[in-house]
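Shown next, in structure tokens, is the structure this report addresses.
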Amino acid sequence: MVTKKKTKFFKSLRFRILVILLILGIVPSAIVTQLMISNYEKQAIEVKVSEVSTQCAILCNQIIKENYLNDSSSQSVNSKLELLSNVYGGRMVIVDRDLKVVADTYHVDEGRTLISPKVVKCFKNGEVTNYRRYGQMLEMAVPVKSADVPQIQGAMLVNISISDIMATVGEQEQMAMLLTGIIVALSVLLAYGLSTILVKPLASVTKSIEDLTDGYQKDEISVPDYTETELITDAFNKMLARMKVLDESRSEFVSNVSHELKTPMTSMKVLADSLVGQEGVPEELYQEFMRDITAEIDRENRIITDLLTLVKMDKKSADLQISHMDINQLLEDILKRLRPIADKRNIDLILDSFRPVEADVDELKFTSAISNLVENAIKYNVDDGWVRVSLDADHKFFYVTVADSGMGIPEDSIDRIFERFYRVDKSHSREIGGTGLGLAITRSTIAMHHGVIKVFSREGEGTTFSVRVPLSYIP
Ligand SMILES: Nc1ncnc2c1ncn2[C@@H]1O[C@H](COP(=O)(O)OP(=O)(O)O)[C@@H](O)[C@H]1O
Ligand SMILES: [Mg+2]
């Protein structure tokens, strides 16, 4: 079943590429075109201003020469004024020193007094240019003065149209808009193409994984088209392999459990059947079979208890009941409890304590872990042998070793003895009565205490288990 999730476009790679391309395309081009347009505008206006200034300077000379400020009847000045205002499509006004309008090409303000801040400024500072964009007009005030008299004698107010410049600017702005539009369109196309190229490997990996989960026929996925996809698929395959191993070990565990639980049942069934099937069974045989059945029930019980212990351990170390314990005392108690079993086979049980040791452990769990080791050392020993338990510590750890003079463990089994249900010699171990779970429990317990356990063994000579656990428990 292929689950097609609703694609979130705004979170997609495609969308992000589009945004990046748009920013990369639009921002620089907008800046460049705006700069170019405003540069053009400035230059065009400057050209116009200098042109008008030159014309005004010539006119000013004539005005002074012909004393136009006092007598505005000069035909040549008036016609020049008309000509200029026609050429520049604007209005020209001349005022004298008293701000009285001497000439106005629009003929509306003649004779009046013109109080305009521009003119006032002009009398103070010289030429004033005021550029008004929305009116598409350029306003200038030019002082009228002669070379001999330093004082400004009058002013010329020029109002000229710059609509031709603004029209060109408008055209350029339209071009810029068009350019932006083209860039946006190109960005969208490019983003689509680029994201298709970039997303394709991811899509093929996704598809491979989906195929695998749908069918489960193949063991691994493979998308060798790109280096990146190979890396992803390699990592994925590794994870898959791990999951497989876990899966296998789980099913092996389940089948082991079933098998182990069935064995005592089968024995009981055989024993019970043989009693039921016979008539007039002697009392002694009854008793003997019943004893055997009880033994099998005990065994079944032990397996179930061990299994429950193991399963509880899998639920993490949260439920450790840590307390500060005297480890010497703890080991002494273990040996005292197991001594009767050792005595039965005349096995020497020795404790070597090198120093007093106190440490943080879970009393019950740690005791059962070490008991398992000592029990094994007794069980898999030879008659009249020995078991030596030693305790030592440094400033960080304490060390417990359990050495025996027993049968030892074959080299090819040594890596497996900590596995659940693993026993070197199934029939012999059964005779001895183990469940095969003891070492698995021990190792889990030691690991929960953040310790390590190691084993050294030589077949026929003996085995040594050594345990190292931190003195203080840090959760
Ligand atoms: N001290 C030892 N000497 C020899 N063999 C051992 C020793 N301890 C453990 N083994 C081997 O490791 C196996 C697993 O041990 P364990 O998990 O305690 O299971 P069990 O004791 O129930 O058989 C044992 O069956 C035995 O074959
Ligand atoms: Mg055991």
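Points worth noting:
- Single unsatisfied condition, Trp386 versus (1) at pLDDT 95 or above; (2) in contact with an Asp or Glu (Cβ under 7 Å, 6 or more places away or on another chain); (3) under 17 Å from Leu471 (Cβ atoms): (3)
- From the options Val469, Val455, residue that is touching a strand residue (DSSP E or B) at 6+ places or on another chain (Cβ under 9 Å), modelled with pLDDT of 90 or more and either more than 23 Å from Asn256 (Cβ to Cβ) or away from ligand 2 (no atom under 16 Å from the Cβ) (or both): Val469
- Leu186 being of a type in the set (A, V, I, L, M), modelled with pLDDT of 85 or more and within 20 Å of Val87 (Cβ to Cβ): no
- Residue tally, condition part of a helix (DSSP H, G or I), open to solvent by less than 20 Å² (accessible area, probe 1.4 Å) and among the aliphatic types (A, V, I, L, M), over the stretch 320-367: 7
- One residue stands out in the stretch 160-180 among those that are open to solvent by less than 40 Å² (accessible area, probe 1.4 Å) and not β-branched (Val, Ile, Thr): the one that is nearest to the chain's Cα centre (by Cα), namely Ala176.
- Among all positions in the stretch 297-319, there is no residue which is away from ligand 2 (no atom under 16 Å from the Cβ), more than 26 Å from Ala447 (Cβ to Cβ), surrounded by 12 or more Cβ atoms within 10 Å (Cβ to Cβ) and in the same structural domain as Val400 (by TED's automatic domain parsing).
- Residue in the stretch 105-113 that is surrounded by 18 or more Cβ atoms within 10 Å (Cβ to Cβ), assigned by TED's automatic domain parsing to the domain that holds Gln43 and in contact with an Asp or Glu (Cβ under 9 Å, 6 or more places away or on another chain) present: yes
- If you go through the stretch 373-419 and keep only what is charged (D, E, K, R) and either within 12 Å of ligand 2 (Cβ to nearest atom) or not assigned by TED's automatic domain parsing to the domain that holds Glu332 (or both), you end up with Glu375, Lys379.
- Considering the stretch 61-84, and only residues there that are in a helix (DSSP H, G or I) and open to solvent by less than 10 Å² (accessible area, probe 1.4 Å), the residue that is nearest to Cys122 (Cα to Cα) turns out to be Ile63.
- If the condition is being of a type in the set (Gly, Ala, Ser) and under 30 Å from Glu171 (Cα atoms), then the stretch 38-86 contributes Ser38, Ala44, Ser50, Ser53, Ser85.
- Taken over the stretch 431-452, the criterion of being β-branched (Val, Ile, Thr) and within 16 Å of ligand 2 (Cβ to nearest atom) is satisfied by Ile432, Thr435, Ile441, Thr442, Thr445, Ile446.
- Filtering the stretch 302-316 for residues that are in contact with a Phe, Trp or Tyr (Cβ under 7 Å, 6 or more places away or on another chain) and farther than 30 Å from Leu202 by Cβ leaves an empty set.
- Which listed residue, of Arg416, Arg420, Arg458, Arg468, is basic (Lys, Arg) and farther than 28 Å from Phe253 by Cβ: Arg458
The values are calculated or read from the model by the stated rules, or taken from the named source; none is laboratory data. Quantities reported herein were computed from a predicted structural model and do not represent experimental measurements. So basically every Cβ, Gly included, is an ideal-geometry build from the backbone, and we count neighbours across all protein chains shown. Accessible surface areas use protein heavy atoms only, side chains included; no ligands, DNA or RNA. Shrake-Rupley method; radii C 1.70, N 1.55, O 1.52, S 1.80 Å.
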